Amino acid sequence: MKLNKTFTTTSVALLLAFGSSALAQTSAKEGLERIKANLNNSKTNLTEYEKNLKTVDSNIAEVGKAKAQVDGQKKQLDAQMEENNQAMGRVGGQEKEIQGLITDEKNKIAQETAKIQELEAMIAKIKENQKKREMNIADYQLQLNQLQEEKKVWSSRAGQLREQNDQVQQKMRSLASEENEWKAKQKGYQGEVKRWGKEVERQQKISDSYNSLAEVK
């Protein structure tokens, strides 16, 4: 894309009209020459800006053509990328599905192998387990008897602990009540200390003033 350069010229101030005071200070000939010069400069500037405008219009058209071409290329590329992404997604999905099927088959083989081994060992273990269960029952019964005896001990101790807890709660309530009484007294005494402290300051000022007057006399 080839763009043309634009050129500008310095605009000269136009003298469009003269007041009566200005014409009085210059001769008619000088005023006429100045008007002609301004007119020529205006025509020159108009021609130059019209030329520049054509150049700008041409450049805008070229940019528009180039932009349209790039937009078309972008749309084609987007379409191709979308098609490629869809293809990759489809292939990836199929690959994942097949991998899942393979994994399922492997898992089923492993499960079936485990079942075979379990069935082979199950009969031999059943009788052994029955003997172990009978031994376990006897052991559990012994533990149960021991737990029942221990439960009696803990139940007795729980009663003692509840009694102790009630005593502690009573002490806490008593101390809280006593603490509140002392805090009330503390608040009252603090107020009195503050009040009498101010009174001492006031009396001290009176005493100092009296002493000062006595010394003056």
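The values are calculated or read from the model by the stated rules, or taken from the named source; none is laboratory data. As the structure is a prediction and not an experimental result, all values here were calculated from the model. Every residue, glycine among them, receives a Cβ derived from its backbone with ideal geometry; neighbour counts consider all protein chains shown. Ligands, DNA and RNA are stripped out before the accessible areas are found, and what is left, the full protein with its side chains, is counted by its heavy atoms. Shrake-Rupley method; radii C 1.70, N 1.55, O 1.52, S 1.80 Å.
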**Item:** Considering residues of the range 1-39 that are polar (S, T, N, Q) and open to solvent by less than 90 Å² (accessible area, probe 1.4 Å) only, the residue modelled with the highest pLDDT
**Value:** N38
**Message:** Quick test for you: out of E179, E192, E120, pick the one residue that is open to solvent by 100 Å² or more (accessible area, probe 1.4 Å) and among the charged types (D, E, K, R).
**Reply:** E120
**Asked** Which one of these does M172 not meet: (1) modelled with pLDDT under 90; (2) open to solvent by 100 Å² or more (accessible area, probe 1.4 Å); (3) not β-branched (V, I, T)?
**Response** (1)
**Message:** Condition first: surrounded by fewer than 11 Cβ atoms within 10 Å (Cβ to Cβ), modelled with pLDDT under 90 and within 50 Å of the chain's Cα centre (by Cα). Can you find one or more residues in the range 46-58 that meet it?
**Reply:** yes
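Listed here are the residues, each with its yes/no results for (1) open to solvent by 100 Å² or more (accessible area, probe 1.4 Å); (2) part of a helix (DSSP H, G or I); (3) not polar (S, T, N, Q).
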residue	(1), (2), (3)
A110	no, yes, yes
T113	no, yes, no
R133	yes, yes, yes
A138	no, yes, yes
